[in-house]
Structure formats: C-alpha cells, structure tokens
Amino acid sequence: MPRTARKPAPGRTARSSGRSGGAFRTRAAFAFRLLLTLGIALLLCFGAWVIRRPILRGAAHLLTVHEALRHADAILLLGGDYDVRPEEAARIYRAALAPRVLLVREKDSPAVQVGAVPNTSDAQVAVMRRLGVPPTAIHVLHVPDGATSTDDETRAFREWAYTARPHTVIAVTSAFHSRRARWLLHRQLDGLRVSVVMDAVEDSEFDESNWWLNKRGLTSYVEEYLKFAYDFFND
C-alpha cells in the first residue's frame with residue numbers, strides 16, 4: 001500500500017517563517033545602521049572640507065607667538081634659517097631696541113666639515129654684518145660639539161643669562177617655531193627673572209593662511225607639532 005505522506009507538525013511552518021522574517025529584519029536593521037554611519041561620516045568629511053581653511057589657519061595660529069617689541073638687553077637669534085631670521089635681528093638692532101645679538105653656534109655637518117657649505121650660524125652672522133650689525137655687537141655662544149636643537153640653544157642661553165643677568169631679551173625665530181621656542185626658553189629661564197619677548201617672523205614663501213599649499217610650509221608645520229610633542233614628553 002502506498003505510504004501516506006506525513007503532515008507537518010502543527011506550528012512548524014509558522015516557526016520557520018518567524019525565523020526567516022526575524023533574520024531579514026536583523027539584516028535590514030544592520031544595513032540601515034551601516035548606511036546611517038557612512039552617511040554621518042561622509043557628512044562630517046564634507047563639513048571638514050568646507051571649513052578646512054579656518055581649521056588649518058587655527059592649527060598654524062596655535063604655534064605662533066608674536067609680541068609687541070620693546071627695548072631689551074639682547075636679541076637672541078635662534079638657528080635654523082639664515083634667510084629671514086638674521087634679517088629681522090638686524091632690523092631690530094638698527095632700530096636700537098637692543099645693543100647686542102646672541103646666537104648659539106650649530107653643530108658642523110659633514111658637508112660643513114669638508115668645506116662644501118658654510119655653517120648655518122656663520123651664514124647668519126654674515127647676513128647680519130652685511131645688513132649693518134657690527135661684529136662687536138654679535139656674540140656667538142658655544143656648546144660642546146655644537147647645538148643640534150632648540151633645547152641646546154635655550155640651555156646655552158641660560159648659561160649666558162645666569163652670568164649676564166639680563167632683564168629682557170627679544171627672541172627672533174620663525175612664526176611656526178615661536179610657540180615651542182618660548183616654552184623652552186621659559187622652562188630654562190625659570191627662576192632667573194628674564195622677560196622674553198617673542199618676535200615671530202613670517203617665511204617669505206608661506207604663512208598661516210596658506211602653509212598647507214606649500215611643500216616646505218606643510219613640512220615645517222607638521223614637523224613642528226611632532227617636535228613639540230617630543231620636547232613635551234622628554235621634559
């Protein structure tokens with residue numbers, strides 16, 4: 001006799017349909033959340049793109065300290081740039097705001113040692129002399145093996161200030177370097193009662209409004225944030 005097909009147990013079909021429907025709703029909810037997250041991310045990216053210029057200008061402004069100049073006992077010319085920094089130091093000296101310019105001699109690179117290029121500090125001195133600063137007003141400070149960082153320079157200046165006891169010094173450096181330089185100077189001069197006036201010099205190729213459009217400007221500002229973090233955590 002032919003076998004009679006078994007009828008499905010009551011409720012089995014309903015349960016299977018319920019599981020299928022639940023899985024579909026779960027996948028739909030996941031897809032919705034994923035699309036919502038992607039939409040928010042795209043909206044945030046678009047918003048950041050729209051307001052990128054104020055953000056980038058603000059990031060540059062955080063690194064810049066420019067204060068009103070006043071009479072001082074010395075000008076501290078920080079190394080690293082002989083195009084704009086020594087010219088500004090010479091301008092301040094000619095304006096009779098300070099009687100002397102101090103700088104810390106940098107370490108000789110291999111190219112300097114073989115006479116292929118001048119030491120950056122020597123180039124700074126040469127620029128200032130061409131611009132009217134007499135050699136008797138230029139004082140070069142020395143550290144063993146030469147300075148390799150702003151921290152070395154501020155330490156050398158502290159040794160000079162400990163003996164000379166100046167009341168005020170004008171620190172000349174590039175705009176992107178001015179915040180970190182002031183922080184390092186204040187750290188080294190703590191307890192000596194020396195007032196530091198920062199003179200932040202704009203580069204001839206870029207400034208706060210367009211630094212991200214210039215290769216050297218982009219490198220300078222990004223590196224400065226990294227150096228600030230390094231100096232902070234190695235305090």
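The values are calculated or read from the model by the stated rules, or taken from the named source; none is laboratory data. Keep in mind it's a predicted model, so treat the numbers as computed, not measured. As a convention, Cβ positions derive from the backbone with ideal geometry for all residues, glycine included, and neighbour counts pool all protein chains shown.
Based on this model, can you work out whether Ala171 counts as buried (at least 20 other Cβ atoms within 10 Å of the Cβ) and small (Gly, Ala, Ser)? Explain how you work it out, then say what you get.
Working: buried (at least 20 other Cβ atoms within 10 Å of the Cβ): yes; small (Gly, Ala, Ser): yes.
Yes, satisfied.
Leu192 falls short of the stated requirement of being modelled with pLDDT of 90 or more and assigned to a helix (DSSP H, G or I). Condition (residue is at pLDDT below 60 and part of a helix (DSSP H, G or I)) applied to the range 49-67: is it met by at least one residue? Yes, the range 49-67 contains at least one residue that is at pLDDT below 60 and part of a helix (DSSP H, G or I). All of (1) closer than 22 Å to Met128 by Cα; (2) out of contact with any Leu (no Cβ under 6 Å at 6 or more places or on another chain) hold for Glu159 with one exception: (1). Can Pro86 be described as closer than 30 Å to Ser209 by Cβ, without any contact (Cβ under 8 Å) to a residue 12 or more places away in the chain and in a helix (DSSP H, G or I)? Taking the combined requirement at face value, the residue does not satisfy it. When every residue of the range 129-148 is checked against the conditions, at least one turns out to be within 30 Å of Leu218 (Cα to Cα), in contact with a helix residue (DSSP H, G or I) (Cβ under 8 Å, 6 or more places away or on another chain) and touching a residue at least 60 places away in the same chain (Cβ under 8 Å).
Scanning the range 92-100 for any residue that is within 29 Å of Tyr225 (Cα to Cα), in a helix (DSSP H, G or I), modelled with pLDDT of 95 or more and not basic (Lys, Arg) turns up at least one such residue.
Does the range 125-182 hold any residues that are under 28 Å from the mean Cα position of the chain (by Cα), in a helix (DSSP H, G or I) and hydroxyl-bearing (Ser, Thr, Tyr), and which are they? Answer for the range 125-182, where residues must be under 28 Å from the mean Cα position of the chain (by Cα), in a helix (DSSP H, G or I) and hydroxyl-bearing (Ser, Thr, Tyr): Thr150, Thr154, Ser178. Quick check on Pro134: is it at pLDDT 95 or above and surrounded by fewer than 19 Cβ atoms within 10 Å (Cβ to Cβ)? When the stated conditions are applied, Pro134 passes them. In the range 168-186, the residues that are closer than 17 Å to Tyr230 by Cβ form Cβ pairs under 6 Å with partners that are of a type in the set (Asp, Glu) and surrounded by fewer than 23 Cβ atoms within 10 Å (Cβ to Cβ), at six or more places apart or across chains, as follows: Phe176/Glu224; Leu184/Asp151.
Against the condition among the charged types (D, E, K, R), part of a helix (DSSP H, G or I) and without any contact (Cβ under 8 Å) to a residue 60 or more places away in the chain, how does Asp122 come out, does it pass? Taking the combined requirement at face value, the residue satisfies it.
Do we have any residue at all in the range 214-232 that's basic (Lys, Arg) and farther than 24 Å from Val84 by Cβ? Checked against the condition, which is being basic (Lys, Arg) and farther than 24 Å from Val84 by Cβ, the range 214-232 yields no hits at all. Taking the range 181-216 as the range and being touching a Leu at 6+ places or on another chain (Cβ under 7 Å) and either under 18 Å from Thr168 (Cβ atoms) or surrounded by 22 or more Cβ atoms within 10 Å (Cβ to Cβ) (or both) as the test, the residues that pass are Ala181, Val196, Val197, Asp199, Trp211.
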